[in-house]
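S.K.: Mind having a look at this structure? Questions to follow.
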């Protein structure tokens with residue numbers, strides 16, 4: 001998919017991979033820490049109770065490990081891609097169960113429950129595949145971290161990791 005390898009889409013995919021890898025590293029170093037991330041073409045934002053030095057060290061380790069071939073770090077089981085995949089599958093299952101030929105309300109309800117159950121069971125494995133193929137790119141060899149900024153919003157600690165995409 002050439003479109004995913006160009007411009008802003010490519011930058012978002014690489015930043016998304018780096019975000020996931022950074023969360024993996026922080027989770028290894030700080031068991032039980034709860035983090036949320038959001039990526040865009042200019043970098044990524046982490047929400048959670050971590051120190052800036054910890055984020056900086058984790059970003060560096062994540063880049064090193066991704067560049068060394070640890071591509072699995074680019075995939076995260078709690079990624080929003082998995083949720084989105086589940087929502088799409090559940091919507092398709094609902095449409096299939098409720099639309100089409102005439103059936104009794106009990107038949108439709110049964111098909112709806114079975115369809116949504118199947119959608120939920122498939123969301124994680126399919127979401128992982130969607131992450132791998134579409135929403136992340138573990139090749140961060142040209143990603144340059146330009147700044148890590150700490151922000152406080154009430155009791156929430158936020159770190160913005162700005163990146164630039166080097167030429168290759």
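The values are calculated or read from the model by the stated rules, or taken from the named source; none is laboratory data. As the structure is a computational prediction, the values presented were derived from the model and not from experiment. Cβ coordinates were reconstructed from backbone atoms using ideal geometry, including for glycine residues, and neighbour counts include every protein chain displayed.
S.K.: Taking only the stretch 159-168 into account, find how many residues are surrounded by fewer than 15 Cβ atoms within 10 Å (Cβ to Cβ) and not in a loop (DSSP other than H, G, I, E, B).
M.R.: Residues that pass the stated criteria total 1.
S.K.: Which residue pairs have Cβ atoms under 6 Å apart, sit 6 or more places apart or on different chains, and have a first residue in the stretch 157-168 that is assigned by TED's automatic domain parsing to the domain that holds residue 52 and free of Cβ contacts under 8 Å to residues at least 60 places away in the same chain and a second that is surrounded by 17 or more Cβ atoms within 10 Å (Cβ to Cβ) and part of a loop (DSSP other than H, G, I, E, B)?
M.R.: Final answer for the pair search is none.
S.K.: Hey, residue 76 hits all of (1) loosely packed, with under 14 Cβ neighbours inside 10 Å; (2) part of a loop (DSSP other than H, G, I, E, B) but one; which does it fall short on?
M.R.: Result: residue 76 fails condition (1) only.
S.K.: Residue check: is residue 37 free of Cβ contacts under 8 Å to residues at least 24 places away in the same chain, surrounded by 13 or more Cβ atoms within 10 Å (Cβ to Cβ), within 30 Å of residue 156 (Cβ to Cβ) and touching a strand residue (DSSP E or B) at 6+ places or on another chain (Cβ under 9 Å)?
M.R.: Taking the combined requirement at face value, the residue satisfies it.
S.K.: Take the stretch 89-143 and flag every residue that is in a loop (DSSP other than H, G, I, E, B) and out of contact with any helix residue (DSSP H, G or I) (no Cβ under 6 Å at 6 or more places or on another chain).
M.R.: Correct list: 99, 100, 101, 102, 103, 104, 139, 142.
S.K.: Condition (residue is under 19 Å from the mean Cα position of the chain (by Cα) and surrounded by 15 or more Cβ atoms within 10 Å (Cβ to Cβ)) applied to the stretch 95-106: is it met by at least one residue?
M.R.: no
S.K.: Has the stretch 99-116 got any residue that is out of contact with any strand residue (DSSP E or B) (no Cβ under 8 Å at 6 or more places or on another chain), closer than 30 Å to residue 139 by Cβ and touching a residue at least 24 places away in the same chain (Cβ under 8 Å)?
M.R.: Among the residues of the stretch 99-116, not one is out of contact with any strand residue (DSSP E or B) (no Cβ under 8 Å at 6 or more places or on another chain), closer than 30 Å to residue 139 by Cβ and touching a residue at least 24 places away in the same chain (Cβ under 8 Å), which makes the answer no.
S.K.: Of the residues 26, 46, only one is part of a helix (DSSP H, G or I), at pLDDT 90 or above and in the same structural domain as residue 143 (by TED's automatic domain parsing); which?
M.R.: 26
S.K.: Among the residues of the stretch 49-73 satisfying the criterion of being assigned to a loop (DSSP other than H, G, I, E, B) and surrounded by 13 or more Cβ atoms within 10 Å (Cβ to Cβ), which is farthest from the chain's Cα centre (by Cα)?
M.R.: Checking each candidate, the answer is 50.
S.K.: For the stretch 144-154, which positions are more than 17 Å from residue 74 (Cα to Cα) and part of a strand (DSSP E or B)?
M.R.: Within the stretch 144-154, 146, 147, 148, 149, 150, 151, 152, 153 qualify.
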